[in-house]
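To start, the structure itself, in structure tokens.
Quick note: the coordinates plus some simple rules give every number you see, no bench work behind them. What you see is a predicted model; the values in this text were computed from it and never measured. Methodologically, a virtual Cβ is constructed for each residue, glycine included, from the backbone with ideal geometry; neighbour enumeration extends over all protein chains shown.
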Amino acid sequence: MAAKNISVQSTAFEAEENIPMKYTCEGEGINPSLQFRNLPEGTKSIALIAEDPDTARGLFVHWVAWNIDPQKGIAENSKAPAEGKNGRGTTGYIPPCPPTGSHRYYFRAYALDATLNLSGDVDKQKLLDALQPHLLGEGFLMGRYEKQNQSA
């Protein structure tokens, strides 16, 4: 059975629009709120991977999270119930901070039929491997950001 398309939304920005400075390295650097709609029946949790495909070195992972309540979503400036290693090898959200030009930031959500019991060094690939047997649906929200002060 193919995974259902789910809707990922934020009160901070619309799909394909600019991410407000507040959520970037030039602002407060906090995570935007995220809500999930059009969820498949039986969704028990959401896994999330935020990434930037436009870096000079290839894809950069900004956030790895799971066991998010599908009804509550993620509040602005909050931690997910469970978080893994981002592209810096640390845990938590890394705000958009492109060195040059405009970059795209994808907040990819995965609707799961279970919560995941993961521990240790969970990175993007380990999360993707763990969620596959539980995947009911997926979707994404893409926002853009370009630094206002290129010398920062």
³J(HN,Hα), Karplus 6.51/-1.76/1.60, whole Hz, each residue of segment 93-103, x for Gly, Pro: 7, 10, x, x, 7, x, x, 8, x, 8, 10
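When you count, for each residue, the other Cβ atoms within 10 Å and take the mean per peptide, how do 44-50, 97-103, 141-147 rank with the highest first?
Top to bottom by mean Cβ count within 10 Å: 44-50, 141-147, 97-103.
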Gaussian network model of the chain, Cα within-10 Å springs - most flexible of ASN86, ASN67, ASN117: ASN117
In order through segment 124-137: 3J(HN,Hα) via Karplus (6.51 cos²θ - 1.76 cosθ + 1.60), integer Hz, x for Gly, Pro: 3, 5, 5, 5, 4, 4, 6, 7, 3, x, 10, 6, 10, x
Spin-label zone in segment 1-32 - amide nitrogen under 14 Å from a point set 7 Å from the Cα of ASP113 along the C-beta vector: 1-4
25 Å Cα cut-off, lysine pairs counted over the chain (separation 8 or more, or different chains): 22
Antiparallel content of DSSP bridges confined to segment 4-146, in %, to 5: 90 percent
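At a threshold of 8 angstrom on Cα-Cα distance, excluding pairs fewer than six apart, so keeping six or more, what relative contact order does the chain reach in percent?
Details: 369 pairs, mean separation 47.2, N = 152.
Once divided by the residue count of the chain, the mean separation gives 31 percent.
Would you compute, from DSSP H runs of 4+ residues alone, the mean residue ellipticity of the chain at 222 nm, taking -39500 (n - 2.57) per run and dividing by the full residue count, rounded to the nearest 500? Write down the numbers at each step before the final one.
Details: 1 runs with 8 residues, N = 152.
The helix contribution divided over the chain gives -1500 deg cm²/dmol.
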Choice from GLU17, GLU83, GLU138 showing the highest fluctuation, given a GNM over the chain with Cα pairs closer than 10 Å: GLU17
